[in-house]
Amino acid sequence: MRIGILSRGPTLYSTGRLVEAGQRRGHRVLVIDTMQAARSLGVVPRASGRRFNQSLPRVDAIIPRIGASITRYGVAVVHKYESRGVVTTAPSQAIAQSRDKLRSLQLMQSAELPTPKTAIVSNLGELAAAIDAVNGFPIVIKILKGTQGKGVILAPNLVTARAVLSIFFRHGHKPILVQEFIDEADGRDLRLLIVGNRCIAAMQRTAPQGDFRANLHRGATSTRIRPDEATEELALRAAALHRLGVAGVDIIPSQRGPLLLEVNSSPGLEGIENTTRTDIATEVVRYLEECAREKQRRPTR
Ligand code: ADP
Ligand code: MG
């Protein structure tokens, strides 16, 4: 197959690993710059005087690795490939849905998957009711499109909560999520890597001293784990619900069992491959091959 990896950086670890894995399995692999592809579709304004070039690189299958800051452009490019019948590890809609914490949370709640208690706040007047809804302080405040722990803040009291919300509102973040703080997790959470309805790797992450956020980008440490059945089942259901064939599912352990935090459509491979010594890239390529076979069996979409 000709596989396109939508990525801004051919030198990024995950991109490099996917190129290597694809080539090793006999595919032709291209790294397609997502923004350049979006420009060729005309969804990004181009410098005046430059001609439109309507062509996207021709491929049979794509692996979208879309950075959070360019979700909209990435989604447009993936959508274009989908409309051409190109197989993808993540449908455009699934990427858009999982990137928006509110949409994602609503999806999980309506499917009755357990999540931390969460309220939505659009102005300071709604804060008191939100605090009640999540059982009081401390509360976790989250912007909808944060990633790597940026935009996730612990507020111990009303003064801090009001200050944080005011700043977020002023920067155009609206609405904001107010969430129950899962104290008993003690700075730990779980990342399960799902590929094609199987959990192929899992790790526990522990927040660095003085922080409650267990993102590896914040200096969290990680260890390989074997998730219990309930945790694994929950991650599989969350990935399937978001229609993601490849997903990094974040789960926080709590007194009332595992709770879903979020579902990542472009999970980083470096931390989890190194922690679990698992060749996730090859699993992703195999899954793509399986999707392509499946499509040939059922050519109508
Ligand atoms: P991001 O998209 O920025 O990674 P998350 O919602 O995954 O946002 O939160 C980042 C980290 O903060 C999580 O991995 C977890 O360690 C911690 N965290 C998030 N929500 C809660 C919560 N409600 N209670 C306790 N810790 C939390
Ligand atoms: Mg996260």
**Prompt:** With the contact rule set at Cα under 8 Å and sequence spacing of 6 or more, what percent relative contact order holds for the chain?
**Reply:** 17 percent
**Prompt:** Taking K and R as +1 and D and E as -1, what net charge do the other residues with C-beta under 14 Å from the C-beta of residue 226 add up to?
**Reply:** 0
**Item:** Cβ-based net charge around residue 217, under 15 Å, with every Lys or Arg adding one and every Asp or Glu removing one
**Value:** 0
**Prompt:** Roughly what would the spin-label model give for residue 158 and residue 221, points 7 Å off Cα along C-beta, in nm?
**Reply:** 4.0 nm
**Asked** By DSSP, what percent of the beta bridges with both residues in the chain are antiparallel, rounded to the nearest 5?
**Response** 80 percent
**Prompt:** What net charge do the residues around residue 29 carry, taking every other residue with its C-beta under 9 Å from that of residue 29, with Lys and Arg at +1 and Asp and Glu at -1?
**Reply:** +1
**Asked** For the range 162-256, which trypsin sites (Lys or Arg not before Pro) are both in a DSSP coil and crowded by at most 13 other Cβ atoms within 10 Å?
**Response** 256
**Message:** Between residue 255 and residue 277, what is the label-point separation in nm under the 7 Å Cα-to-beta-carbon projection?
**Reply:** 3.9 nm
**Request:** Taking only the C-alpha atoms, wrap a convex hull around the range 171-229 and report its volume per residue in Å³ as a whole number.
**Result:** 160 Å³
**Asked** What is the spread of the Cα atoms of the range 192-301 along each of their three principal axes, largest first, in whole Å?
**Response** 53, 30, 20
**Asked** How large is the charge dipole for the chain, taken about the Cα centre, if only the Cβ atoms of Lys, Arg (+1) and Asp, Glu (-1) carry charge, to the nearest 20 debye?
**Response** 1600 debye
**Request:** Let me know the shape class of the range 71-124, please: from the alpha-carbon gyration tensor, a ≥ b ≥ c as square roots of the eigenvalues, rounded when a/c is under 1.5, otherwise prolate if a/b is greater than b/c, or oblate.
**Result:** oblate
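Each value in this text was obtained by applying a stated rule to the coordinates, not by laboratory testing. What you see is a predicted model, and the numbers here were worked out from it, not measured in a lab. Ideal geometry is used to build each Cβ from the backbone, glycine not excepted, and the neighbour counts take in all protein chains shown.
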